[in-house]
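The values are calculated or read from the model by the stated rules, or taken from the named source; none is laboratory data. Please read these numbers as outputs of a predicted model, since none were measured by experiment. FYI the Cβ positions are ideal-geometry reconstructions off the backbone, even for glycines, and counts take in every protein chain you see. The area values use the complete protein model at the heavy-atom level, side chains included, leaving out ligands, DNA and RNA. Shrake-Rupley method; radii C 1.70, N 1.55, O 1.52, S 1.80 Å.
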Amino acid sequence: MSDLIIVPILLPAIIAAVCLVRVVRLSQLARLLSGASTLVILASALALFLSAKDGNITIYELGDWPAPFGIVLVLDRLSALMVLLTSVLGVVVLAHAVLTGLDRRGMHFHPLFQFQLLGLNGSFLTGDLFNLFVFFEVLLIASYGLMLHGQGQQRLHAGVKYVVVNLVGSTLFLIAVGILYGVTGTLNMADMALRVAEAPAGDQPLIRAGAQLLIAVFALKAALLPLHLWLPQTYASTSPAVAALFAILTKAGVYPIIRVTLLIFGADAGVAAFAPAGWMLPAAMLTILAGYVGVLAARNLRTLAAFGVIGSTGTLLVAVSLFTPKGIAAALYYMPHSVLAGGLVFLVTDLVRRGRDDDEDHLRPGRPFARIGQVSVLFMLAAIALAGLPPLSGFVGKVLILDASAGAALMPWIWAAVLGGTFFAILGLARAGSTLFWKAQGEPAEVPPTRHPFETAPAWFLLALVAGLTIFAGPMTDYAGETTTQLFERTPYIEAVLGEAPRQAEGLR
């Protein structure tokens with residue numbers, strides 16, 4: 001099973017390179033190769049998930065170099081969940097792109113799509129901070145190319161801002177990694193966890209500074225306020241199908257916050273213990289309000305969906321910022337919902353745009369469009385999911401988050417932020433739905449012959465997955481609880497990466 005870990009990284013790298021060949025790129029073969037690759041990645045991700053479900057921690061040493069000297073990939077419950085989530089979303093978005101012809105609006109969609117999967121999967125599986133930086137850079141390059149897919153001045157303008165902001169983040173990432181490497185002498189996360197715990201008192205302030213800077217970089221990737229300003233224009237400027245894939249990019253920032261804080265800067269890290277806790281919780285609550293107020297103020301569906309992603313990520317980060325077992329468990333249940341609901345809203349946005357043509361996704365009354373009944377039902381259910389209303393899984397996740405906040409010093413503020421954000425989301429989504437569907441007048445147009453009869457299928461599939469999170473809330477919360485236990489019990493992870501229980505691991509929980 002250990003050799004299977006490399007598949008979600010190696011396969012998209014190979015297929016992306018093949019799809020760059022001119023003969024392949026300009027033919028149907030690129031679609032076939034990209035589709036087959038994404039399905040194989042999904043199958044391998046499912047196998048890895050089932051392997052990690054029992055609590056096994058599997059290591060893959062690149063070049064047979066042992067940690068901490070070589071590069072290692074680490075599979076545990078959390079990384080398996082994230083790789084599976086990435087693979088599922090990738091299959092759905094790719095299917096939508098093919099059915100709607102988005103992949104034919106430029107020559108490099110499929111190689112960029114595969115590189116995006118490579119960067120995401122690599123960032124979730126790596127056990128090394130520097131290689132996390134490398135995979136983040138792969139993400140940046142691929143997402144920039146996908147964002148510009150289809151061209152347009154608005155996309156280019158937003159893309160330049162996106163690249164500049166993320167290059168600043170990359171620079172700060174390197175500075176933070178340099179500080180931590182200078183103090184600990186390692187970049188392997190398991191090894192760094194041991195060395196931080198044993199660091200002398202004189203080194204601890206510098207370790208804390210490096211920790212704060214590193215988590216701030218991850219907060220930028222996660223679009224935590226006030227580092228969220230790059231996201232609305234970026235997601236609203238690109239094609240909605242690409243933005244649906246980008247719904248997981250913010251979680252690529254949330255994941256290392258959880259991983260690095262609990263593994264390296266946990267209770268045994270001295271003055272660096274839970275370094276971001278002091279500022280992250282207030283910032284997360286403000287992110288909820290900024291996101292859902294943006295939903296209320298949005299003038300088009302793409303902007304509405306972009307701010308919805310911000311509000312949903314803020315809700316997720318409130319749970320993470322508690323840094324308690326109940327808080328992390330609630331976050332791990334809510335995280336898949338946040339990704340799937342965000343992707344669903346963007347796919348529905350694309351269906352509305354394709355139906356309305358000239359009006360695109362502007363929130364103003366227009367003529368009824370083909371399949372308006374089906375799309376309106378999809379929008380209503382997607383709105384329920386995004387706002388976190390019953391009976392879908394967002395409601396369950398928010399209840400878990402509110403329950404996890406019991407006893408926290410800022411509990412009243414957490415409840416106010418979560419419930420207030422939900423209220424603003426309801427108002428914004430209800431306004432959008434009534435404007436687009438209830439106020440439409442005239443006779444609906446015929447279905448254009450270029451429209452695929454199954455183009456709504458990917459959105460319905462994402463909705464079914466959201467419903468599945470609700471139906472199987474019990475097993476999912478159990479898995480989230482078991483994953484949380486594994487995250488807080490660091491010794492098995494460290495021993496799996498570094499070999500037999502090292503001397504320094506004594507006393508670790």
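Residue-level analysis places residue 39 among those that are out of contact with any Phe, Trp or Tyr (no Cβ under 8 Å at 6 or more places or on another chain), open to solvent by 10 Å² or more (accessible area, probe 1.4 Å), more than 24 Å from residue 486 (Cα to Cα) and part of a helix (DSSP H, G or I). Does residue 389 fit the bill of being touching a strand residue (DSSP E or B) at 6+ places or on another chain (Cβ under 7 Å), under 17 Å from residue 424 (Cβ atoms) and open to solvent by 10 Å² or more (accessible area, probe 1.4 Å)? Criteria not met by residue 389.
How many residues does the stretch 170-229 hold that are among the β-branched types (Val, Ile, Thr) and within 26 Å of the chain's Cα centre (by Cα)? It would help to see each step written out before you state the result.
Taking the stretch 170-229 as the starting set, the residues that turn out to be among the β-branched types (Val, Ile, Thr) are 171, 175, 177, 179, 183-184, 186, 196, 207, 215, 217.
Remaining after also requiring within 26 Å of the chain's Cα centre (by Cα): 171, 175, 177, 215, 217.
So the answer is 5.
Does residue 303 count as hydroxyl-bearing (Ser, Thr, Tyr), open to solvent by 10 Å² or more (accessible area, probe 1.4 Å) and within 30 Å of residue 436 (Cβ to Cβ)? Considered against the rule, which asks whether it is hydroxyl-bearing (Ser, Thr, Tyr), open to solvent by 10 Å² or more (accessible area, probe 1.4 Å) and within 30 Å of residue 436 (Cβ to Cβ), residue 303 comes out as yes.
Sort out which residues of the stretch 264-276 are in a helix (DSSP H, G or I) and either β-branched (Val, Ile, Thr) or surrounded by fewer than 23 Cβ atoms within 10 Å (Cβ to Cβ) (or both), and write them in order of number.
Keep residues of the stretch 264-276 that are in a helix (DSSP H, G or I), which gives 270-272.
Once the filter is applied, which keeps residues that are in a helix (DSSP H, G or I) and either β-branched (Val, Ile, Thr) or surrounded by fewer than 23 Cβ atoms within 10 Å (Cβ to Cβ) (or both), the stretch 264-276 yields 270, 271.
Taking the stretch 76-115 as the range and being within 16 Å of residue 50 (Cα to Cα), open to solvent by less than 10 Å² (accessible area, probe 1.4 Å) and either in a helix (DSSP H, G or I) or among the aliphatic types (A, V, I, L, M) (or both) as the test, the residues that pass are 78, 79, 80, 82, 83, 86, 87. Of all residue pairs spaced 6 or more apart or on separate chains, those with beta-carbon atoms under 7 Å, a first member in the stretch 179-202 that is without any contact (Cβ under 8 Å) to a residue 40 or more places away in the chain and a second member that is surrounded by fewer than 23 Cβ atoms within 10 Å (Cβ to Cβ) and among the acidic types (Asp, Glu) are 183/203.
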